[in-house]
Structure formats: structure tokens, C-alpha cells
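What follows is a short report on a single structure.
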Amino acid sequence: MNDFPAQRINPSILSADFVNLQHELERIATADLVHVDVMDNHFVPNLTMGPPIVDRIQAVSPIPLDMHLMIADADRWAPGYAEQGAYSVTFHAEATTDPVALARRIRDIGARAGIALKPGTDPEPYLELLGEFDQLLVMTVEPGFGGQSFMHDMMPKLARIAEAKRRHGLDLWLQVDGGITVDTIGIAAEAGADTFVAGSAVYGGVPEDRIAELRAAAAQHTH
């Protein structure tokens, strides 16, 4: 398995140049994983990519794939991304009828299983199930589009999950996605996040420099 640092920077290719994806992937080779947003225009009002493009990304990416499935009927479709070789497959709690069974299936295939919570989703029902997952993603924007502003009011929710993780002694990655910049990454780290998705904050400049800046900013706020 891959060795990762205690804090991980996962650039989102939602902000990349889709016509030159291989080049855009090579530009983020110093990151930990590449965050790949799959949207189906049903679960969220946007359409991005599906298995054929993900298959090509998998073939050329210098770093492992961190799939974020913003799709309906995750029970049916999520395992296929694990079968394609993704390192991590995150589905939305709101799009599955049995999150534990789905996570176990993804793990059985050989990928890490993640669960994502939209801003309006109460984390309480999932706090006792955290051991079934390898990652929990707290959305810090409404899912569907990149470039949105960071939702500070999600930090108490993240802190509650982080406390449950500590209480149960779990090796669970806590990911945040949405509005992550050098100015907000520290706020999320303080609340307990250790895995950070950044799109425009990485691709809006020289990606290697931006990744280093994000790492430094997160490290300053880690307990």
C-alpha cells in the first residue's frame, strides 16, 4: 500500500484543463492523491465524467486516484470504480440505501472506502459506524460545482466527527472538499481535517508551488 504523510493534499482535476488531462495530472505529481469528481447530473446539477475517462486517468496518473462519486444509486455504480483500480472510492451517504454494505464491498475489491456528507446531512447516524470506513468527507460547499466559498459553519460538524474518531481510536482520514485555500486550510485542520481537496487553489497558479503552500499552511495548524 502507499505511504502517505499525516496530512494529505488532493488536488481536484475539476479545475484542470480537461483537454490536456495527462499534462494536468503530471503537474500535480507532488501531491498525495488526485481527487476525481464524478457527477451524473442527477445527484448534483452538473455532469463531468464516467468510467471511460476515469480508466484513462487511472492509466496515466502519477499519483493514486481519490474518487468522489456525486452520483445517484451509488450502490450500483460505486464498486465499478474500485474495480478500475482507484485507491479510494467515496460515495455520498445520501445516495446509498446501505452505506456499510457498500463500503464493505468496496474494501473487498481492494480500495479504501469513503463516505461523504453534504452540508445539510447530520453526521450523528454515522458516528457509531465510522469503523466501517477508511475516509469521511465533510463537504464544505454544496456539491456540484468548483470555485465556491468555504462554509465555516461546517467546522463544528467536522470537530464532532474528529472527536468520535479519537474516542474510538480509529485510523480514519477526515477529508474536506470545497473552498480550500491557504487561508481556509488551517481552519479545517484545526477542526480535525487531515485530507484536503483543493481545485482552483492549486490549478490557479503553479501547482507544485501551490501544493507546497497548502502543506505548510495545514502543518501550522495541526495539533
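Here are some notes:
- Amide proton proximity set for A16, modelled H, under 5 Å, gap of 5+: none
- Rounded to the nearest 500, the 222 nm mean residue ellipticity of the chain from helices alone is -9500 deg cm²/dmol, with -39,500 (n - 2.57) taken per DSSP H run of at least 4 residues.
- Of all DSSP-defined beta bridges confined to the chain, some 5% are antiparallel rather than parallel.
- Distances between placed amide hydrogens fall under 5 Å for T90 paired with M67, H68, L69, G114, all partners being 5 or more residues away or on another chain.
- Distance between the C-alpha centres of region 79-149 and region 162-223: 18 Å, rounded to the whole angstrom.
- Every Cα-Cα pair in region 1-75 was counted, and those over 20 Å apart are 31% of them.
- Rounded to whole Hz, the Karplus (6.51, -1.76, 1.60) HN-Hα couplings of region 39-51, x for glycine and proline: 10, 10, 6, 10, 5, 10, x, 7, 10, 10, 8, x, x
- Ordered by the number of other Cβ atoms lying within 10 Å of each residue's own Cβ, fewest first, D17, D32 fall into the sequence D17, D32.
- Neighbours of T222, meaning other residues whose beta-carbon lies under 9 angstrom from its beta-carbon, give a summed charge of -2 when Lys and Arg score +1 and Asp and Glu score -1.
- Normalised by the number of residues in the chain, the mean separation of alpha-carbon contacts (under 8 Å, six or more apart) gives a relative contact order of 20 percent.
- Of all DSSP bridge pairs formed entirely within region 1-78, close to 10 percent run antiparallel.
- Global form of region 132-178, assessed from the alpha-carbon gyration tensor, a/c cut-off 1.5: oblate
- The HN-Hα couplings worked out from phi for region 214-221 by the Karplus form 6.51 cos²θ - 1.76 cosθ + 1.60 (θ = phi - 60°) are 5, 4, 5, 5, 5, 4, 5, 10 Hz, whole numbers, x standing for Gly and Pro.
- Rounded, prolate or oblate (a/c below 1.5 giving rounded, otherwise prolate when a/b exceeds b/c) for the chain by Cα gyration tensor: rounded
- Amide proton proximity set for T140, modelled H, under 5 Å, gap of 5+: D177, G178
- Couplings 3J(HN,Hα) of region 143-154, computed from phi: x, x, 9, x, x, 7, 7, 4, 8, 4, 6, 8 Hz, in residue order, whole Hz [Karplus 6.51 cos²θ - 1.76 cosθ + 1.60, θ = phi - 60°; x for Gly and Pro].
Read the figures in this text as sums done on the coordinates, not as results from a lab. All values reported here derive from a predicted model rather than from experimental measurement. Glycine gets a Cβ as well: all are built from the backbone with ideal geometry, and neighbour counts include every protein chain shown.
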